[in-house]
Amino acid sequence: MKLYNCYICKTLNYKPYVTIKDSLNISSFTIARCDCGFCFVHPRPSEQELNKYYSTDDYLPHSKGKGLLFLLYRIVQKITFYNKFILLRKSIKEKITHLDYGGGDGRFSNYVNSKKNATSSFYDPYYKKSSNIDLKKNKYNIITLWHVLEHAYDLDILFQNLEKKLDNRGKLIVAVPNFDSLERNIYKENWAAYDLPRHLYHFNNISLDKLLRSKGYKIIDKKRMLFDTFYISILSSMKISNISIIKSLFVAFFIVIKVLIKGPEFSSSLLYVCEKEK
Ligand SMILES: [Zn+2]
């Protein structure tokens, strides 16, 4: 087995933490936990092996499917697009020049383009038809990584690209699933955001802080993702065959209220607004 140093603390001080079935139900993957708090899939699948988990029709972000789950996904997406754009507007006072890095089929980017005083491009190495990014273009004043970091096979390349594309006074918005989320503790191996092996890394607020700081970013704000919390809780409960709809809704509301009280560190996803360290 090839050993990889922990990406954050560069040591081999990690141990197997949990083994979970993959998203296609054909094998299992182990998540290792490092002494520094960072968790990652180990052993790591090859890029070729990973590709088969992205080409499946069941992968909702790339899917054009039907059904209740898909409908729920699209409803949540509409609400979150609105909330995400409000965050962009609050972060950038002048005209928004936005890049949605890892933006799938460009849906959010199109949404931003439909707004006044905003232009947007998108780029996604995993989505074959993707990318309207202009590589020669000047820098962007805001880059979003909505649930992208945990998928990036090569984090060095990702951060090099960000360094090139983000204006020195620009903002970087990062959202990742939160390994310390309340619903992971409740739903355990049924937690929907494990999504193995597509999610190669699992962050909590300590490891995400460390990573961003080591890459030269200052965290200026942390937000709660309440709709996302509700959605992931419901999605996780759907993996349990004998849970009633009433119970799964009750748990989802309970978690959302707890996140409102306890703070963004317990939300189903971590959402950070960052800027380059001067
Ligand atoms: Zn480590």
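The values are calculated or read from the model by the stated rules, or taken from the named source; none is laboratory data. Remember, it's a predicted structure, so these values are computed and weren't measured experimentally. Note: ideal-geometry Cβ built from the backbone for every residue, glycine included; neighbour counts use all protein chains shown.
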- Query: Residues in region 5-27 that are away from the ligand (no atom under 11 Å from the Cβ), farther than 15 Å from Lys239 by Cβ and hydroxyl-bearing (Ser, Thr, Tyr): how many?
  - Reply: 3
- Query: Mind checking whether some residue in region 195-203 is closer than 24 Å to Ser91 by Cβ and under 19 Å from the mean Cα position of the chain (by Cα)?
  - Reply: yes
- Query: From the set of residues in region 215-228 that are buried (at least 20 other Cβ atoms within 10 Å of the Cβ) and not in a helix (DSSP H, G or I), which is modelled with the lowest pLDDT?
  - Reply: Met225
- Note on the structure: Per the list (1) over 26 Å from Leu235 (Cβ atoms); (2) modelled with pLDDT under 95, residue check on Asp124 breaks on (1)
- Message: Checking the structure you have, find out if any residue of region 265-276 is β-branched (Val, Ile, Thr) and within 25 Å of Tyr123 (Cα to Cα).
- Response: yes
- Return yes when Ser27 is at pLDDT below 95 and crowded, with 16+ Cβ neighbours inside 10 Å and no when it is not. no
- Query: Conditions: (1) in a loop (DSSP other than H, G, I, E, B); (2) over 30 Å from Glu163 (Cβ atoms); (3) not β-branched (Val, Ile, Thr). Phe254 meets all but one. Number of the miss?
  - Reply: (1)
- Item | Residues of region 1-17 classified as within 26 Å of Lys52 (Cβ to Cβ) and exposed (fewer than 15 other Cβ atoms within 10 Å of the Cβ), total | 5
- Query: Would you say Ser46 is at pLDDT 90 or above, out of contact with any strand residue (DSSP E or B) (no Cβ under 9 Å at 6 or more places or on another chain), more than 21 Å from Lys188 (Cβ to Cβ) and of a type outside the set (Val, Ile, Thr)?
  - Reply: yes
- Query: Can you pull out the residues in region 167-214 that are in a strand (DSSP E or B) and buried (at least 20 other Cβ atoms within 10 Å of the Cβ)?
  - Reply: Gly170, Lys171, Leu172, Ile173, Val174, Ala175, Val176, Pro177, Asn178, Tyr201, His202, Phe203
- Message: Restricting to region 229-251, and then to whatever is of a type in the set (A, V, I, L, M) and part of a helix (DSSP H, G or I), can you tell me which residue is nearest to Glu150 (Cα to Cα)?
- Response: Ile232
